[in-house]
Amino acid sequence: MRILNALIGLLQPLGITPSAIDPDAIEKKAKRVTGLTDLGNGMHRVGMEALRSSVDNEPMTDFGILSSTGFGVVGLTNRLRMIDHFKKHPEIADVKIEKPVFIVGFPRTGTTLLQNLLHLSEDRRALQFWELTNPIPVSDDPEKDIRRRHRKTKFHLAVANFVVPEMKFIHEVRHDSLEECWSLFIPQFSVQNWEMTNKWPEYGKFMAKHDMRPVYEEYKKYLQVIVDRVPDKKLILKCPDHLWHLDALLDVFPDACIVWTHRDPGRSIPSYCSLASLNWRLLYGEFNPKELGPYIEERFITGIERGIKVREQVGEERFLDVNFKTLLEDPIAAVNRITEYFDLTPINEAKMQAYLDRDRPDNRGKHKYSDGHYGLDSDEIRQRYKDYIARFGISVN
């Protein structure tokens, strides 16, 4: 990584690699890549400026600047293509996103297992990584389009796995694996988890006050494009970011089914820290891991508080809670409870059992982490989160 940062630093004076987050340069490159110019109402600029302001206050490495710029270019590339796609196919605005299921639990709470099981439904599906990162068709020929988007996604993953080989041992991502939908918020530069995974506290303050209703309306447009290609299946979406913005989500998707997974925070927070630490290392090089734990712990509390507040406003009937311990003990029963509660099509139990025997994520070996390494104490976390634990009857061990 030191060699990579040194190389990037040498290229900066030549203008080949960026030395800072530059919204104008990001827009210019995205337009050059796509050959398109219409970026819509300019909503993305608000988030871009907040991002630049936050990054300017953080000691990011040269690779961190390059990586963050790259995410921005990809996001605006998708935004340009989405706007152009709707111009060519205005009928997509009428595509309905009916009764979507949103899994909103924090990372490391069983969301991946649950998403993969629900995906086995005959009339529902979750979204694969290639769809989330490249949501807009690039060819009118469906087969050619999918090949091109697969190829692009595989290339980006190969680069990511080369730079961060440890990732596959914590959370393996493939071009066709079912993943979180936060990528669809990048075109609006309104990504909640950037505050945590990238250590951008000033950006987090912006997100706390940001009006997410128009952001979710645009997020819906990406879903409409995706559903238009596979119209016979409703959606299963997963992302902890939604927990911070359930009010906007339910405004835009009034018939949404919210599944909230819960796990002992004394376990889930240190586990998530080991994942977030990979990104912190990429963006900042050397850092004190004992700063990471308290930083994440504080922000998870905020997510819970915001989620509960909306829940109390809209009513309990919109939500179903799934305890991590219960999920692991009997995953099939947990899924059956979800489909029954929300009146969804039952899922074949033999298919679920076959998946559990073959691909169950928690069968791949234990993920090792230490709370003390990240400046945390599991018992102290449980004490701080005691109201949350009691409210949802979370098993602690």
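Pull out all pairs, ordered by first then second residue, where Cβ-Cβ is under 6 Å, the residues are six or more apart or on different chains, the first lies in the stretch 244-262 and is without any contact (Cβ under 8 Å) to a residue 40 or more places away in the chain, and the second is outside any strand (DSSP E or B) and not charged (D, E, K, R).
That search, which allows pairs on different chains as well, returns 248/212; 248/216; 252/216.
Against the condition part of a helix (DSSP H, G or I) and either in the same structural domain as residue 66 (by TED's automatic domain parsing) or more than 19 Å from residue 269 (Cβ to Cβ) (or both), how does residue 347 come out, does it pass?
Numbers: part of a helix (DSSP H, G or I): no; either in the same structural domain as residue 66 (by TED's automatic domain parsing) or more than 19 Å from residue 269 (Cβ to Cβ) (or both): yes.
Spelling it out, it is not the case that residue 347 is part of a helix (DSSP H, G or I) and either in the same structural domain as residue 66 (by TED's automatic domain parsing) or more than 19 Å from residue 269 (Cβ to Cβ) (or both).
Among the aliphatic types (A, V, I, L, M), in a helix (DSSP H, G or I) and touching a helix residue (DSSP H, G or I) at 6+ places or on another chain (Cβ under 9 Å): is that true of residue 335 in this structure? Give the derivation first.
On the way: among the aliphatic types (A, V, I, L, M): yes; in a helix (DSSP H, G or I): yes; touching a helix residue (DSSP H, G or I) at 6+ places or on another chain (Cβ under 9 Å): yes.
Judged against the criteria, residue 335 is a match.
Going by the conditions given, is residue 370 among the polar types (S, T, N, Q), modelled with pLDDT under 95 and touching a helix residue (DSSP H, G or I) at 6+ places or on another chain (Cβ under 6 Å)? Even if it seems obvious, please write down each step before you answer.
Values: among the polar types (S, T, N, Q): yes; modelled with pLDDT under 95: yes; touching a helix residue (DSSP H, G or I) at 6+ places or on another chain (Cβ under 6 Å): no.
No: the conditions fail for residue 370.
Residues that are surrounded by fewer than 21 Cβ atoms within 10 Å (Cβ to Cβ), at least 3 per element: which helices (runs of 4 or more DSSP H) completely within the stretch 144-242 meet that?
Working: elements: 167-170, 194-197, 201-209, 213-229.
Fully inside the stretch 144-242 and qualifying: 167-170, 201-209, 213-229.
Limited to the stretch 46-62, what total is found for residues that are within 13 Å of residue 198 (Cβ to Cβ), crowded, with 20+ Cβ neighbours inside 10 Å and of a type outside the set (S, T, N, Q)?
Qualifying residue count for the region: 4.
Sort out which residues of the stretch 322-332 are outside any helix (DSSP H, G or I) and either surrounded by fewer than 17 Cβ atoms within 10 Å (Cβ to Cβ) or not assigned by TED's automatic domain parsing to the domain that holds residue 264 (or both), and write them in order of number.
As a first pass, look at the stretch 322-332 and keep what is outside any helix (DSSP H, G or I): 322-323, 330.
Scanning the stretch 322-332 gives a single hit, 330.
Find the residue count for the stretch 251-269, including only residues that are touching a helix residue (DSSP H, G or I) at 6+ places or on another chain (Cβ under 6 Å) and in a helix (DSSP H, G or I).
The total comes to 5.
The values are calculated or read from the model by the stated rules, or taken from the named source; none is laboratory data. No experiment lies behind these values; they were computed from the predicted model shown. Note: ideal-geometry Cβ built from the backbone for every residue, glycine included; neighbour counts use all protein chains shown.
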